[in-house]
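Undergrad: First the structure, which I've put down as structure tokens, then a few questions once you've had a look.
Derivation of every value follows stated rules applied to the coordinates shown; laboratory data play no part. The structure presented is a predicted model; accordingly, all values stated were derived computationally and were not measured. Cβ sites come from the backbone with ideal geometry, for glycine too, and all protein chains shown count toward neighbours.
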Amino acid sequence: MTLRQKNTRSMSFLAVAVGLCFFFNPNLSVLDLLPDFIGCALVFLGLTRVARINPVMQEARGKFLKLLMVCAARDFLVLMALGSSAANEKATSLLLISFCASLLFLWFAFSAFRALFDGFYGLSVLNDCPALFAEATYGKARVKRSRTEIVLRRALVFLALREIINVLPELSSLSASSGEMNPNRINMYEYIGIMRVFAALAVLVLGVIYLVRILKYFRLLQKQGDLRAQLAAKEREVAARFPGNAVTRRYRLAFILMSIGAFLLTDFYIDFCNIVPDALAAIFLLGGVLLADVLSRKQKLLALAVAVAYGVLATLSSYFAESFYADFANAQIGHNALADRAYALMWGSALAEMLVFLGALVLLLLFLRRAVDKWGGYLAAEADSDFESRRREAFLEEFDGELIRTFIFGLVAALFSFVYDYMKVLPAIKWLRFLEFFWAFDFCASLLFGVLFTTLLANILGAIKQRFMFD
């Protein structure tokens, strides 16, 4: 389906409804089985069309993006605490993360939800849709409020109760760990699991009620065909007046995905455990390439094949490294056939991963070169003089220099990662011990590559905006 065909359809809020459903589930200890950041991402994407014609919805979209960052940071910190904290410090770390993250979550979630439902209320009033702003009874006092406000208030109450209930077992866990020398508290550990079960059940019951309310509201919204058709017509009018906005928005989202993928390549190892899999980075980079829609079908299949190859090799490389580190010691290299085989698999998979990464980076930069040539700055086909043609060539040469510089930094980062990832398992030679600190160079080089690549994407997006500046 083309973008033009998609825009002729009535406005749909299915992605928003599905995204809000991700908030209903309880936590398993401190792990969120249905991550809230995925729900925020779905709401953010679901508001794309309506945000173009309504400033309140545009504000709500930005607030859900902030909430996404908070939720993603919370999940990442929880995983880090579970994987790296000492046993006697884990309860304290998890409680600190859960408590602080819950406060931040409620602060941003209340603002985001309120902006979202205020937007729905405003749209219903502006487009004369009484089903969403008509008054209904609320609470025991039988207060008259709109259906939209009733759903909002119940959602906010649920979110507050969910965060409070989820953090209580972790508070008990901290109490048990701090009083483990007290014989009267030593049995507290026997009840923490039960408390977590009851907390999960309580949140689940409240979550089902929240889920039913949300689905009923969006089912009512889905039935408002006239409202959704009017919103789609207004969006088409805006798109017709500003044709360059669609291209800019598409590339902005594509470059955001690609920037996330570049930063996910920054290795973060704990005992050879790849906390952020490079395969996930390949998925984000591939998503950005496909979303930009510059490649032909065969070229898209090639990009998919390269992304799959890199993801598989990166996963195998991490697996072989973990296997060698867990089963063998450095001194066994050259004295044990199984150790030599595991060592060879580790180095071979690492070398293959690096080569495929460099090939994928070349293809990615060529793709960006093609995007600049098609949409960036002035187009040569529109130039009527030799001066404009020379200016166009100079413009492309400038970006060629940035592309080459980015590749050089990517090559350096890949070499550092290849060297360090397996430096600690070299045969035990005393003078090689200083290489154990090589991780700092690996991390900094990868981080610098992410920054440089993101800067390149920002410059390309600026050139695309310049192309459509007067649309």
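Undergrad: Compare the peptides 395-401, 208-214 by average per-residue count of other Cβ atoms within 10 angstrom and give them in order, highest first. Walk me through the intermediate numbers first.
TA: Working: 395-401: 13.7, 208-214: 15.7.
Result, highest mean Cβ count within 10 Å first: 208-214, 395-401.
Undergrad: If neighbour count is taken as other Cβ atoms inside 10 Å, put MET346, MET354, MET69 in order from fewest to most.
TA: MET69, MET354, MET346
Undergrad: Mind giving me the FRET efficiency for ILE404 and PHE441? R0 is 30 Å, r the Cβ-Cβ distance, nearest 0.05 is fine.
TA: Numbers: r = 22 Å, r/R0 = 0.74.
E between ILE404 and PHE441, to the nearest 0.05, is 0.85.
Undergrad: Next question, about the same structure. Pairs to check: LYS63/LYS234; LYS234/LYS465; LYS144/LYS216; LYS66/LYS298. Give those whose C-alpha atoms are more than 25 Å from each other in this structure. Can you show the working numbers first?
TA: Numbers: LYS63/LYS234 23 Å; LYS234/LYS465 23 Å; LYS144/LYS216 19 Å; LYS66/LYS298 37 Å.
With Cα atoms farther than 25 Å apart: LYS66/LYS298.
Undergrad: Separate question: Which of the peptides 45-54, 218-227 is most tightly packed, and how do the rest follow, going by the mean number of other Cβ atoms within 10 Å of each residue? Could the numbers behind the result be given before it?
TA: Working: 45-54: 19.9, 218-227: 15.1.
Descending mean neighbour count gives 45-54, 218-227.
Undergrad: Taking the beta-carbon count within 10 Å as an exposure proxy, list SER124, SER446 from fewest neighbours to most.
TA: Values: SER124 21, SER446 24.
Listed from fewest to most nearby Cβ atoms, that is SER124, SER446.
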